[in-house]
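Only one structure is covered here, and it is reproduced in the block below.
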Amino acid sequence: MKDKFYAYHANTNYAVVDLDLINDLYRRMYRESVRGRRRLTMLPMSRVTDASETRDGVLLRVTREMADRTEELAVDVAVFATGYDPMDAADALGPVADLCKRTSSGTLRVARDHRVETAPRVRAGIYVQGGTEHTHGISASLLSNISGRAWEIAESIAARRRLAASHRPER
């Protein structure tokens with residue numbers, strides 16, 4: 001029943017990004033190009049084929065599918081807007097996914113604070129944004145909720161750090 005509900009309402013979530021947002025992004029790109037300091041770049045129909053850490057950020061090797069060319073980009077932040085098809089976040093975790101707990105249907109178990117439930121021996125927090133409709137409902141994939149989810153994740157990390165600090169023995 002839940003799957004039917006999501007399928008029926010998919011277009012409300014996955015139709016298109018807000019036109020005002022798209023226009024704002026393109027205006028920003030234009031202003032940056034006029035000023036000679038481009039920071040925002042959109043590379044539709046592109047694929048990252050390599051990423052390596054540098055002293056100042058990350059060097060990406062990007063293949064532009066439509067232009068049939070590859071280029072390198074030095075970036076401090078990369079956002080991968082990969083489309084609207086939900087994905088299993090475990091696919092991005094590689095072998096670490098074996099340390100994550102699963103629901104009876106095989107999806108990741110994700111707590112309210114977006115933290116993936118892991119084996120007891122895992123000390124690091126694994127947080128996900130997206131791929132959580134099964135735990136957080138149909139609004140989990142909405143672009144308009146990203147800042148709220150980011151805040152919840154940041155609050156969770158800060159709370160866990162405070163808790164860990166309070167349990168450290170005094171020297």
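What is the residue count in the stretch 147-166 for residues that are over 28 Å from Ser104 (Cβ atoms) and open to solvent by 70 Å² or more (accessible area, probe 1.4 Å)?
Residues flagged as over 28 Å from Ser104 (Cβ atoms) and open to solvent by 70 Å² or more (accessible area, probe 1.4 Å) within the stretch 147-166 amount to 8.
Name, by its number, the condition in (1) open to solvent by 30 Å² or more (accessible area, probe 1.4 Å); (2) assigned to a loop (DSSP other than H, G, I, E, B) that does not hold for Gly130.
Just one mismatch for Gly130, condition (1).
Considering only residues that are open to solvent by 70 Å² or more (accessible area, probe 1.4 Å) and over 11 Å from Phe80 (Cβ atoms), which ones fall in the stretch 42-51?
Pro44, Met45, Asp50 - these are the residues of the stretch 42-51 that are open to solvent by 70 Å² or more (accessible area, probe 1.4 Å) and over 11 Å from Phe80 (Cβ atoms).
Here is a list of conditions, (1) open to solvent by 50 Å² or more (accessible area, probe 1.4 Å); (2) farther than 30 Å from Gly125 by Cβ; (3) at pLDDT 85 or above, and Met29 meets all of them except one; can you say which number that is?
(1)
Kindly check whether there is at least one residue in the stretch 69-90 that is of a type in the set (A, V, I, L, M, F, W, C) and either on the phi > 0 side of the Ramachandran plot or touching a His at 6+ places or on another chain (Cβ under 7 Å) (or both).
No, that holds for no residue.
Among the hydrophobic types (A, V, I, L, M, F, W, C) and either within 25 Å of Gly57 (Cα to Cα) or touching a helix residue (DSSP H, G or I) at 6+ places or on another chain (Cβ under 6 Å) (or both): is that true of Ala159 in this structure?
Judged against the criteria, Ala159 is not a match.
Pull up the stretch 84-105, narrow it to residues that are under 23 Å from Leu143 (Cβ atoms) and open to solvent by 50 Å² or more (accessible area, probe 1.4 Å), then point me to the one that is modelled with the lowest pLDDT.
Within the stretch 84-105, the match that is modelled with the lowest pLDDT is Tyr84.
The values are calculated or read from the model by the stated rules, or taken from the named source; none is laboratory data. These numbers come from a predicted model, not from an experiment. We place every Cβ from the backbone using ideal geometry, glycine too, and count neighbours over all the protein chains shown. What goes into the accessible areas is simple: the full protein's heavy atoms, side chains included, and nothing from ligands, DNA or RNA. Shrake-Rupley method; radii C 1.70, N 1.55, O 1.52, S 1.80 Å.
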